[in-house]
Amino acid sequence: MLVGVGFALLALTAVATPRARRWEDVGPLFTTDSPPARDEGPAEHDRPPEAVAPNGRPSSGPPPAHRAAPPPDPPSPPTAAERSVFGALVVGARVADGTVVALEGLRDGFLRARVRLPAGAYEVIIARAEGTNARPPVTVGPYAVYPGQTPIPYPTLAASLRAAAASIVPDAALVPPGLRPLRVNEGPR
């Protein structure tokens, strides 16, 4: 009777705990029986998966090392047409309580300037204002100016964003080809 109750409890415990797949994980409950012998080697679920070579055959060597993603391409400097949009926004220029540390040409349809503040750095994203459905914090002529994704709170960077936007040349004739509007739920890439 005691052995029967022990096996019933063992069965309930194995069902109630899906992670318990081996006898050692569950352990004996109210039984004097010993666990089954394991002299045949590790069970199927205890074996590591076999390494498979690219040709589909099992490999006897260690699995191939995972390759790290290639480093991102360095930002492209702005062309002469793109540079004319930035106007007085040059590397080293002061914008409110920040400093311009980099200018970037068109990437994914947007111009970018990197501004360093005491609280950290963020990107100024310059997009075409016409056709945008994302309300920009600042507009300058044909341009919409946004802060890039950053942990810096907007009130902290607002003054430098407005100062950076004030440096942009608001001439519609200078809009570089390829500059596009920012759309809601799209975000800069």
Those residues of segment 78-98 that are in contact with a helix residue (DSSP H, G or I) (Cβ under 9 Å, 6 or more places away or on another chain) and of a type in the set (Ser, Thr, Tyr) come to a total of 1
Ala119: passes all of (1) within 23 Å of Val184 (Cα to Cα); (2) surrounded by fewer than 20 Cβ atoms within 10 Å (Cβ to Cβ); (3) hydrophobic (A, V, I, L, M, F, W, C) but (1)
Residue hits (segment 130-189; at positive phi and touching a residue at least 12 places away in the same chain (Cβ under 8 Å)) are Gly131, Gly141, Gly178, Gly187
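Values in this text are rule-based calculations from the coordinates and carry no lab data. Since we're looking at a predicted model, the values are computed, not measured. Note that we place each Cβ from the backbone using ideal geometry, even for glycine, and neighbour counts take in every protein chain shown.
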